[in-house]
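Step one of this worksheet: look at the structure below.
Every read-out reported here was derived from the displayed coordinates using simple, explicitly stated rules and does not represent laboratory data. Keep in mind that this is a model prediction, so the values were computed, not measured. In this analysis, Cβ positions are derived from the backbone assuming ideal geometry, glycine residues included, and neighbour counts consider all displayed protein chains.
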Amino acid sequence: MSSRTDPGTYIKRPNRALQIYAVIFLIVLYVPVLFIPLFSINDAIHVKFPIEGVTLRWYGELWARDAVWTALFNSVKVGLVVAVISTILGTVAARAITRYRLPGKSALVTFIMMPLVIPGIIFGVALLVLMSRMGVPLSLYTVGLGHLIVCLPFAVATLLPRFEGFDPSMEEASADLGENGWWTFWRVTFPMVFPGVVASLLLTFTNSFDEFIMAFFLTGTDPTLPMYIWGQLRFPQEFPSVLALSSLILFISFILVFIAQRVGRMGLDD
Amino acid sequence: MDVVDQLGAVREGKLSRRAFTKALLAAGVATATVPLGARQARATGDQATYFTWGGYDIPDIFQPYQAKNGELPNFSVFGASEEALTKMRGGFVVDVAHPCNSGMPRWVQTGLFHPIDTGRVEGFGDIIPSLVDLPGNAADGGNVWMVPFDWGQTSVTYRTDLFELEGEESWDMLWDKRYANKLGSLGSGGDAWWCGAIKAGVNFDDLDTDDAFTKISAVMREQRPLIRTYTDDTTTLQQALASGEMVAAMTWNDSATLLKAEGVPVKFAAPKEGALTWVCGLMMHKDAPNPDRAYDIISSLVSVESGKFLIDDYGYGHSNAKSFDEIPDERLAELGLSRNPDDILSAGHFQRPMSQDWETRMNETFEQIKAGF
Amino acid sequence: MADTSLSQAEARSEAPRPKTSWFSAVLYKSEALRGYLLMSPTMLILTIGIIIPFFILVAMSLWTRDGFGFDTTLTLSNYARTQSEPIFNALLQRSFWISGVATVATILVCYPMAYYVAFHVHRNKMMWIILMTLPFWTSYLLRVFAWKVILGYEGVINSGFMAIGWIEAPLEFLLYSQTAVIITLAHAWAAFAILPMYVSLEKIDKSLLEAATDLGDGPVARFFRITLPLSMPGVIAASFLIFIPTTGDYITPALLGGPDGAMIGNFIQLQFGPVNNWPMGATLSIVLMLWIAAIALVFLFLTRKAQEKIA
């Protein structure tokens, strides 16, 4: 594996050019994103440069705009459900794939990973066609299904290495000691793959939360947050409130990551 | 699979610590939304939903509704009538929708709508009769399918300081090669194609002929290289005109009125060939979840208060005759409106209902032209 | 091996029950069946979500539109149309071009960054990685819109350059053009480029590089001989992760592309909207998929050949 124990042995001289490049890169990466908070305090509806004065009124208005919170709530609901289900299914699938000799295993894995290698629009279209032929009305459930398809590969991809890298003799030992399959899973397997489970939950939640394409095709009357934002992008009356909400989400992420870094340094291994 | 390994390694290696991080984040988002749980309960299920064009989802035309129900209705917005119809045919259920007269018979044909009991619409008696008596609007028992609400024109809004007029105002302005890449247009065929027909000199009676399609396609293809962008969003066009990015664009009345109010030197052209004119109104979905509040929406929209706003601030005509009493004559003249809709509507080219096959063929052709073919 | 122990365990726990049904007996014996049973919920979702929709999609591509319904007589007329009407191939080509350029641009720009974090950052690597991916916590739509603000007529770049005096009139090609789409796509998908490349670079055994140094290779030779080839899996993964989703993107072209920047995704989406030709939409989706598969295979083939040559 890589010589992580010896990070400094190879490259001792800092490469100035590369350092400058890295800094410029980060700046260019962040600037467009930072425009969102910037225009959320802009004192005008139109997003135009330069800024016309600073105000916090859009944040105030945000509280009053029910539609925004409804959309956010919908996204969180769908995201949580999709995260949990896809992680459970991913865990089960990862275990089955790594522990059992399944005929057609590689075909199976390929199938699961398909959404990663096919543009989302095709899945959106395919599911829309299916739902309409089956007469299923579009709703948050159909959106959830769409998200599930798209998030499952991420769950499996996250958990598979965990199961693969995990010594099966632990499970054997537990079995030898008289535990049945279920118990073994909970007491032995699960704690070992727990970081993978958490990672999968978060990854799938994030995916579902920001997912637009499937939602676009499969949304009924209740919009998810990206769908709502799309509507506002085209007709910017309420747009600044949306910017305010996004800024809040970005801000909270920043803070949490910062805290986690601090806490992380106090005990978790790198 | 190498890709999978990569992804797996990425997620696993990177996230073993990020796991903790993101757990907090997810928890954070969840907790942030929990206190809102209470607010959601009082939610969106209760108020009626108004499915309408961008720009109409504002409180100013819902004062009476708010007075009666305490809150604004829910809004859902579309950019083109066809988009709205497709969505509803796909199962999207609303209470009140906002089509225009040219689409109304087709909307009725879908069977998704319910005739409106005029007796339950407050102020219906004051509505200008010629707007009610549109082809296809009469339903059984004296009811109507569509309650007229607003009427107006599609024409050219142009910068008087940047656009050098050669002769009279005309649709040729949007085909002026001097201003290539500085012209804009609404992207929906529902407006653009008809304006193309006017420019090509095709009579609306003959729209459904192959000859018409050939002529109008030619004209639209000629225009395409000159257009900076086609958009469904009137605000984009307004901003472009305000900044000078565009010098002329095909818009509705409200864009010109709003820009003038902001102090931008624009004029809503009265083209010599005639503007495109239309009447739009409100239809009720047959499965409307809140029929009583749906009537409240309709009543609110045709009320005099809303009418005054619509005329004075947006520059559209209103269907309630009494709204015009609130506006001084000079202002009406300034806006290019009249108490009698017929003056304006028949002076221009009034859009008329076409068959669904025609609409689909038109949209398909226009989308191809927009894409460059 | 694990399974024989487990089955012994199961046998032990099952032993007290005198009547084992035929089904559990089969289950007990067949590992494959047990495995698939475990997978069954996942497979159910897969069937509902992937297999059945795809069959229906293929079926629908063989139908034709009939008013608001469908004429279900099987026909290849839609496919014939994709060949006979130039618009479809042109849009496909344009989409692949735009995605391709965006992919190459992203990889070229992000590779040095990944290299930097892998080799030159010694403490807080995690923080750098988080820093690089945090922007992607915001909504994709809003990031696209942010670019609209930057590239706009009165946007940041134009106002900035005019203020400095570099240009007299705003640059018009920045927005509503293919350039705008490419720039935005490159920025939006940067994280998907950095992470796989970073992982690949990180995995490179530093002792190989030391050995090369000892044997007299300069830094440039080292890079081309060792670092670059060993990081290729990451680069390939990154290429796929960017190219494939972006070919089907329709948000960015819709907001920033202008008339010349429309991509195949827009056209597919239109078939389900105003154009109201679902069968054609299905056909285009399948054609797109087939083309992507073909391009991917060619790409993998070429890179394998290249890798064989290097190794």
Dipole moment magnitude, nearest 20 debye, region B:107-205 about Cα centre, only Lys, Arg, Asp, Glu C-beta charged: 380
Among C:ASP214, C:ASP71, C:ASP205, residue whose mean-square fluctuation peaks in a GNM of chain C (springs only between Cα atoms under 10 Å): C:ASP214
Cα-Cα pairs of the protein assembly as shown separated by more than 45 Å (percent): 34
Exercise: per-residue mean of other protein chain Cβ atoms within 10 Å, B:146-159: 0
Packing-based exposure ordering (other Cβ within 10 Å, fewest first) of A:SER169, B:SER306: A:SER169, B:SER306
Förster radius 35 Å - calculated FRET efficiency between B:GLN63 and B:ARG89, Cβ distance, rounded to 0.05: 0.60
Candidates A:ALA17, A:ALA71, A:ALA155, ranked by Gaussian network fluctuation over chain A, Cα under 10 Å, top entry: A:ALA17
Residues C:TYR79, C:TYR176 arranged by fewest to most Cβ contacts within 10 Å: C:TYR79, C:TYR176
Positive-end residue of A:LEU130, A:SER169, A:ALA155, charge dipole of region A:67-264 with Cβ unit charges: A:LEU130
Pairwise label distance in nanometres, C:ILE48 with B:GLU164, each label 7 Å out on the Cα-Cβ vector: 6.7
Local electrostatic count at B:TYR179 - Lys and Arg +1, Asp and Glu -1, tallied over other residues with Cβ under 11 Å: +3
Tilt relative to chain A, helix A:66-99 - C-alpha long axis, 0 to 90 degrees, to 10: 20
Relative contact order [Cα under 8 Å, 6+ residues apart], region C:43-167, whole percent: 8
Value of relative contact order over chain C, rounded to a whole percent, pairs C-alpha under 8 Å and six or more apart: 23
Order of A:PHE35, A:PHE163 under a 10 Å beta carbon neighbour criterion, fewest first: A:PHE163, A:PHE35
Shielding score for B:77-86, defined as the mean number of other chain Cβ atoms within 10 Å: 3
Equivalent ellipsoid, chain B (semi-axes from 5 times Cα gyration tensor eigenvalues, Å): 37, 31, 22
Cut-off 15 Å between beta-carbons: net charge of the residues surrounding A:ILE88, Lys and Arg +1, Asp and Glu -1: +2
Nearest-ten-degree value, helix A:239-265 long axis tilted from longest Cα axis of chain A: 40
Helix runs (DSSP H) in chain B reaching 24 Å along axis by Cα, Kyte-Doolittle at least 0.0: B:2-33
Largest to smallest principal axis extent of the C-alpha atoms in chain C, angstrom: 92, 74, 39
Helix runs (DSSP H) in chain C reaching 24 Å along axis by Cα, Kyte-Doolittle at least 0.5: C:86-115, C:228-247, C:278-310
Gain upon complete extension [C:ILE164, C:PHE70; 0.36 nm per residue less C-alpha separation]: 27.9 nm
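When only Cα pairs under 8 Å and 6 or more residues apart are kept, what is the percent relative contact order across region A:67-264?
36
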Assigned charges on the beta-carbon of Lys, Arg, Asp, Glu; the protein assembly as shown dipole about Cα centre (debye): 4360
Per the protein assembly as shown, cysteines lacking a partner by the 4.7 Å Cβ criterion: A:CYS151, B:CYS195, C:CYS110
Formal net charge of residues neighbouring B:MET250 (Cβ-Cβ distance under 11 Å; K, R +1; D, E -1): 0
Neighbouring partner chain Cβ atoms per residue of A:108-116, average, 10 Å criterion: 5
Region C:157-257, Rg to Rh (Cα coordinates; Rh as Kirkwood inverse mean 1/r): 1.20
On Cα atoms only, tilt of A:16-40 relative to the major axis of chain A in degrees: 60
Gaussian network model of chain C, Cα within-10 Å springs - most flexible of C:TYR36, C:TYR116, C:TYR198: C:TYR36
Gained length - C:ALA90 relative to C:LEU108, 0.36 nm times residue gap less alpha-carbon distance: 3.8 nm
Cα centre as origin, Lys/Arg/Asp/Glu Cβ charges: chain C dipole, Debye: 740
Among B:312-323, C:88-99, the order from most to least packed when residues are scored by Cβ within 10 Å on average: B:312-323, C:88-99
